[in-house]
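Q: Structure incoming, see below.
The values are calculated or read from the model by the stated rules, or taken from the named source; none is laboratory data. As the structure is a computational prediction, the values presented were derived from the model and not from experiment. Note: ideal-geometry Cβ built from the backbone for every residue, glycine included; neighbour counts use all protein chains shown. The protein model used for the area step is the full one, side chains on, heavy atoms only, and it has no ligands, DNA or RNA in it. Shrake-Rupley method; radii C 1.70, N 1.55, O 1.52, S 1.80 Å.
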Amino acid sequence: MQNSVASSGRLAQAPPVRAMWGVFDRKERWSLSWRGRLILASAVLLLGALVLKGVYPFLAITHRVSADVLVVEGWVHEYTIRAAVDEFRSGSYRHVFATGGPVVGTGGYINDFYTSASVGADLLIKNGLASESVQMVPSRVMDRDRTYGSAVALRNWLREHNVPVSGINVITEDLHARRTRLLFQEALGDEVKVGVIGIPSPDYDAKRWWRYSDGVREVIGESIAYVYAKVFFRPSESMREKKAAAASHANGKNSG
């Protein structure tokens with residue numbers, strides 16, 4: 001009996017088998033059984049199904065607030081512009097603002113008329129809105145913070161022109177909606193309620209977006225962009241925007 005215990009102890013304490021001059025050790029390890037693999041595969045499939053069903057409605061939100069100001073992101077496609085015209089006519093809006101930075105492909109800011117704000121304003125008028133109702137608010141930002149830069153430009157314009165605003169509704173393309181609301185709220189602050197209206201693309205079925213290359217590309221891209229905006233984004237303003245905000249603040253003090 002003692003011999004067998006001693007033998008077991010020696011086996012338990014036996015050094016691991018080594019190879020390649022001690023570079024590799026062979027040791028016992030735990031691994032999944034067929035049942036464990038089946039459970040893991042089922043969990044992965046369930047998670048994938050939940051993502052496929054849930055990610056699109058999570059990003060593509062519509063949530064209006066009580067507002068008399070409508071904001072349209074000027075880079076959107078014309079079907080969104082038409083929806084913005086319908087929204088303006090059916091709501092009790094006083095103003096519509098077109099926002100956006102330098103047009104893609106220009107290499108940077110040239111002047112206000114080479115911005116998405118100008119393009120968006122022209123399209124709104126072309127689709128039936130009166131020119132006196134439309135105001136373009138261009139931004140000079142052309143980098144990864146374009147949406148936030150557009151929101152800051154709008155905030156500064158409102159301050160410079162002493163336009164009191166308690167709430168706005170922003171029209172954009174649907175997958176961009178949650179990120180748009182997040183960044184506009186960040187720029188405008190808690191004193192302004194920000195609503196958002198997401199317009200779906202007519203080119204594919206949003207309920208089966210994974211069947212279309214455009215849907216897959218846009219969902220993946222906007223998912224990454226939203227995570228960046230939510231987790232990693234830190235607000236920054238260009239020198240021009242800081243000077244405009246400082247001048248607006250100084251004017252407000254002088255007038256008071």
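Q: Report yes if some residue within segment 163-170 is open to solvent by 50 Å² or more (accessible area, probe 1.4 Å) and more than 16 Å from GLY74 (Cα to Cα); otherwise report no.
A: yes
Q: Now, a different point. Contact list please: Cβ distance under 7 Å, first residue in segment 186-198 and outside any strand (DSSP E or B), second residue among the charged types (D, E, K, R), pairs at least six apart or on different chains.
A: Close Cβ pairs satisfying both conditions: ALA187/ARG155; LEU188/ARG155.
Q: Shifting gears a bit: For the structure I just gave you, tell me whether GLY149 is touching a Lys or Arg at 6+ places or on another chain (Cβ under 8 Å), part of a helix (DSSP H, G or I) and among the small types (Gly, Ala, Ser).
A: So GLY149 fits the description; yes.
Q: Return the residue satisfying two criteria in turn: it lies in segment 68-92 and is within 19 Å of the chain's Cα centre (by Cα) and more than 15 Å from VAL192 (Cβ to Cβ), and of such residues it is surrounded by the fewest Cβ atoms within 10 Å (Cβ to Cβ).
A: HIS77
Q: Please pick out the residue among VAL51, VAL44, VAL65 that is part of a helix (DSSP H, G or I), surrounded by 12 or more Cβ atoms within 10 Å (Cβ to Cβ) and either out of contact with any Lys or Arg (no Cβ under 6 Å at 6 or more places or on another chain) or modelled with pLDDT of 75 or more (or both).
A: Going through VAL51, VAL44, VAL65 in turn, the sole match is VAL51.
Q: Provide a single number: the residues in segment 93-111 that are over 24 Å from the mean Cα position of the chain (by Cα) and at pLDDT 90 or above.
A: 3
Q: Report the residue count in segment 105-144 for those that are surrounded by 22 or more Cβ atoms within 10 Å (Cβ to Cβ) and in a loop (DSSP other than H, G, I, E, B).
A: So the count comes out to 2.
Q: Considering only residues that are free of Cβ contacts under 8 Å to residues at least 40 places away in the same chain and among the aromatic types (Phe, Trp, Tyr), look in segment 201-224 and name the one that is most open to solvent (accessible area, probe 1.4 Å).
A: So, considering only residues that are free of Cβ contacts under 8 Å to residues at least 40 places away in the same chain and among the aromatic types (Phe, Trp, Tyr), the one most open to solvent (accessible area, probe 1.4 Å) is TYR212.
Q: Based on what the data block shows, is ALA60 touching a residue at least 12 places away in the same chain (Cβ under 8 Å), in contact with a helix residue (DSSP H, G or I) (Cβ under 9 Å, 6 or more places away or on another chain) and crowded, with 17+ Cβ neighbours inside 10 Å?
A: Answer is yes for this residue.
Q: Does VAL96 satisfy the condition of being without any contact (Cβ under 8 Å) to a residue 40 or more places away in the chain, β-branched (Val, Ile, Thr) and open to solvent by less than 50 Å² (accessible area, probe 1.4 Å)?
A: So VAL96 fits the description; yes.
Q: When you scan segment 51-62, do you find a residue that is farther than 30 Å from VAL216 by Cβ and either touching a Ser or Thr at 6+ places or on another chain (Cβ under 7 Å) or of a type in the set (A, V, I, L, M, F, W, C) (or both), even just one?
A: Looking for residues that are farther than 30 Å from VAL216 by Cβ and either touching a Ser or Thr at 6+ places or on another chain (Cβ under 7 Å) or of a type in the set (A, V, I, L, M, F, W, C) (or both), one finds none in segment 51-62, hence no.
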